[in-house]
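J.: The structure's right below; bear with me while I get my questions together.
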Amino acid sequence: MIASLVHDLGQFPLAHEIEEIDRGIEHEAFTALWLDNPTRDLHGRTLREIIENQEWGWGITVDRVKAVLSARPDDDLFPTHELRETMLASIIDGPVDVDKLDYLIRDSQNAGLTYGDLIDVDRLVRSLTVVIHRHKGACVLTIGTYEKGQSAAESLSFARYLLYQALYWHRIARSVRAMLRAAISTIGQQLPKKGAGKASKTTFRGALEELLGISSVPAVLTSEDVLDFIEEAANGGGKELIRSIKARNYYKRLVTIHSEPEGTGRPTLLERFREASANPKFNEALQNKIREKLAAHLAQTQGPAASSLAPERANEVLEILGKPGMILCDCPKPPYGSDDILRFIPEPQRFQHNYFSRVEVGERVSEVWQQVFFRLMNIAAKGRVFCDPRIRDTLMAAIGPDAIRSQVEELAKKYSTQPGF
């Protein structure tokens with residue numbers, strides 16, 4: 001119960017967005033640090049004392065809570081975690097964990113969506129059980145369900161896909177993440193440490209820990225405060241991107257790259273784009289290609305004075321495209337969930353009858369979790385090319401999405417390391 005209550009202590013405004021950028025930021029690590037925070041409450045007690053005190057606290061060691069939060073099946077022959085810890089950990093982070101049951105339903109309701117209603121929580125909870133299985137030679141305990149709860153457990157997967165498709169990875173949400181990623185990429189490896197002299201430096205993560213007050217007095221922060229922090233640390237165009245986010249002047253979509261039917265044996269454009277777009281040189285090369293295409297088109301065509309192709313307007317767009325970060329690519333990696341697999345076992349009473357001639361009594365792995373869910377998440381993880389809103393109309397009128405897509409395909413072949421092109 002304590003681990004469930006504190007497992008998201010490390011979350012902060014825009015935490016998921018910053019985590020995705022990967023600057024060594026993991027909210028799980030922040031949670032462990034928060035448990036050691038020295039701040040005292042109105043009664044003079046620290047969080048560690050509240051958890052560990054035998055008389056008026058919970059009477060559990062903080063190390064035990066940390067062990068539950070960090071427990072994962074080991075690849076070694078001799079596991080370092082107790083069986084009980086991996087089982088308890090799967091309740092918090094597993095295929096059917098309490099965290100997903102909480103945020104999927106809550107986010108659906110707060111966003112005015114009905115996808116959370118697909119989850120049959122009551123039947124799922126009634127069907128939960130402990131499943132014993134082998135993981136690379138070691139015995140592991142995880143949470144699974146009886147077979148009667150299969151549809152209820154798998155409904156969680158469908159609801160999750162629908163929310164990623166409609167909400168978490170909506171094009172505007174992804175535009176903001178692409179802008180944040182580009183802004184943070186302008187931040188140097190070393191930042192001045194506040195109140196410690198000019199020579200003292202810290203990392204981006206260290207500065208963020210200081211802002212949050214993880215090792216001192218916890219700060220009450222909003223998304224605006226975190227954006228201010230990034231803006232101050234960013235350089236040049238990064239500051240402009242953060243100002244645009246604050247003003248809700250988000251980048252506009254130029255092209256969307258969808259998943260393709262499988263079976264060809266060759267990497268799809270989406271797979272190539274996902275790998276190539278992670279390279280900053282790809283974004284820069286694509287912007288240069290688009291600028292060249294636009295310049296070539298404008299040399300042959302001029303629109304009326306009031307159009308997007310008017311000479312004055314076109315020259316302004318060319319000038320904007322000469323600045324870095326005006327074209328941003330985005331393609332999230334599908335989150336397939338935890339390493340645990342959704343498993344079903346028969347109800348106990350089925351072992352008491354001679355059903356072996358009709359059914360195979362034993363553990364089964366969910367085909368929906370193992371096969372269908374992965375494909376659904378790949379469909380939701382679309383690739384997109386965004387641009388500064390000032391140049392979108394001109395680009396669409398001059399060269400159009402098809403020409404931009406062809407440039408994406410050409411550069412994806414160049415910057416992807418996957419074989420078979």
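J.: So, of the residues in region 125-169 that are of a type in the set (S, T, N, Q), modelled with pLDDT of 90 or more and closer than 30 Å to CYS331 by Cα, which turns out to be surrounded by the fewest Cβ atoms within 10 Å (Cβ to Cβ)?
T.: GLN165
J.: Another question, if that's okay. I need the full set of residues from region 209-229 which are without any contact (Cβ under 8 Å) to a residue 60 or more places away in the chain, farther than 19 Å from GLU28 by Cα and buried (at least 18 other Cβ atoms within 10 Å of the Cβ), in order please.
T.: The one that is without any contact (Cβ under 8 Å) to a residue 60 or more places away in the chain, farther than 19 Å from GLU28 by Cα and buried (at least 18 other Cβ atoms within 10 Å of the Cβ): PHE229.
J.: Can you tell which of ARG123, ARG160 is of a type in the set (D, E, K, R), in a helix (DSSP H, G or I) and touching a residue at least 60 places away in the same chain (Cβ under 8 Å)? Walk me through how you get there before you give the answer.
T.: Values: ARG123 fails: touching a residue at least 60 places away in the same chain (Cβ under 8 Å).
Just one listed residue meets the conditions, ARG160.
J.: Of all residues in region 18-49, which are surrounded by fewer than 19 Cβ atoms within 10 Å (Cβ to Cβ), in a helix (DSSP H, G or I) and not hydrophobic (A, V, I, L, M, F, W, C)?
T.: Within region 18-49, GLU19, GLU20, HIS27, GLU28, ARG48, GLU49 meet the criteria.
J.: Which ones in region 277-300 are touching a strand residue (DSSP E or B) at 6+ places or on another chain (Cβ under 8 Å) and either assigned to a helix (DSSP H, G or I) or β-branched (Val, Ile, Thr) (or both)?
T.: Result: PHE282, ASN283, LEU286, GLN287, ILE290.
J.: Please enumerate the residues belonging to region 1-51 that are of a type in the set (D, E, K, R) and either farther than 19 Å from LEU88 by Cα or touching a helix residue (DSSP H, G or I) at 6+ places or on another chain (Cβ under 6 Å) (or both).
T.: GLU17, GLU19, GLU20, ASP22, ARG23, GLU26, ASP36, ARG40, ASP41, ARG45, ARG48, GLU49
J.: Suppose we keep only residues that are farther than 17 Å from VAL6 by Cβ and surrounded by 14 or more Cβ atoms within 10 Å (Cβ to Cβ) within region 58-81. Which one would you say is modelled with the highest pLDDT? Let's see the steps before the verdict.
T.: First pass over region 58-81, keeping only residues farther than 17 Å from VAL6 by Cβ: 72-81.
Still in the list and also surrounded by 14 or more Cβ atoms within 10 Å (Cβ to Cβ): 72-74, 79, 81.
Numbers: ARG72: 69, PRO73: 59, ASP74: 54, PRO79: 52, HIS81: 58.
The extreme case among them is ARG72.
J.: Go through region 187-246 and tell me which helices (runs of 4 or more DSSP H), entirely inside it, have 2 or more residues that are acidic (Asp, Glu).
T.: On the way: elements: 204-212, 223-233, 237-246.
Counting at least 2 such residues, we get 204-212, 223-233.
J.: Does any residue in region 173-187 that is charged (D, E, K, R) come within less than 8 Å, Cβ to Cβ, of a residue that is surrounded by fewer than 20 Cβ atoms within 10 Å (Cβ to Cβ) and in a helix (DSSP H, G or I) six or more places away or on a different chain, and which pairs are these?
T.: ARG177/GLU17; ARG177/GLU20; ARG181/GLU20; ARG181/ILE21
J.: Oh, and also: Hey, does region 301-309 have a residue that's at pLDDT 85 or above, over 12 Å from ASP330 (Cα atoms) and either assigned to a helix (DSSP H, G or I) or out of contact with any strand residue (DSSP E or B) (no Cβ under 7 Å at 6 or more places or on another chain) (or both)?
T.: Looking through region 301-309, none of the residues is at pLDDT 85 or above, over 12 Å from ASP330 (Cα atoms) and either assigned to a helix (DSSP H, G or I) or out of contact with any strand residue (DSSP E or B) (no Cβ under 7 Å at 6 or more places or on another chain) (or both).
J.: Take ALA89 and decide whether it is at pLDDT below 90, of a type in the set (A, V, I, L, M), touching a Leu at 6+ places or on another chain (Cβ under 8 Å) and part of a helix (DSSP H, G or I). Before you say what the answer is, go through the steps one by one.
T.: Values: at pLDDT below 90: yes; of a type in the set (A, V, I, L, M): yes; touching a Leu at 6+ places or on another chain (Cβ under 8 Å): yes; part of a helix (DSSP H, G or I): yes.
Considered against the rule, which asks whether it is at pLDDT below 90, of a type in the set (A, V, I, L, M), touching a Leu at 6+ places or on another chain (Cβ under 8 Å) and part of a helix (DSSP H, G or I), ALA89 comes out as yes.
J.: Could you tell me which of the residues SER259, SER277 is polar (S, T, N, Q) and over 22 Å from ARG181 (Cα atoms)?
T.: Details: SER277 fails: over 22 Å from ARG181 (Cα atoms).
When all the criteria are applied, what remains is SER259.
J.: Say we look at region 102-117 and pick out the residues that are assigned to a helix (DSSP H, G or I) and surrounded by fewer than 17 Cβ atoms within 10 Å (Cβ to Cβ); which of these is farthest from the chain's Cα centre (by Cα)? Working first, answer last.
T.: Step one: filter region 102-117 for residues assigned to a helix (DSSP H, G or I), giving 102-110, 115-117.
Add one more test, that the residue is surrounded by fewer than 17 Cβ atoms within 10 Å (Cβ to Cβ), and what stays is 102-103, 106-107, 109-110, 117.
Numbers: ASP102: 17, TYR103: 14, ARG106: 18, ASP107: 15, GLN109: 21, ASN110: 20, ASP117: 23 Å.
Ranking the candidates gives ASP117 first.
The values are calculated or read from the model by the stated rules, or taken from the named source; none is laboratory data. This structure is a prediction, so every number in the text was calculated from the model and none was measured. Virtual Cβ from ideal backbone geometry, glycine too; neighbours counted across all protein chains shown.
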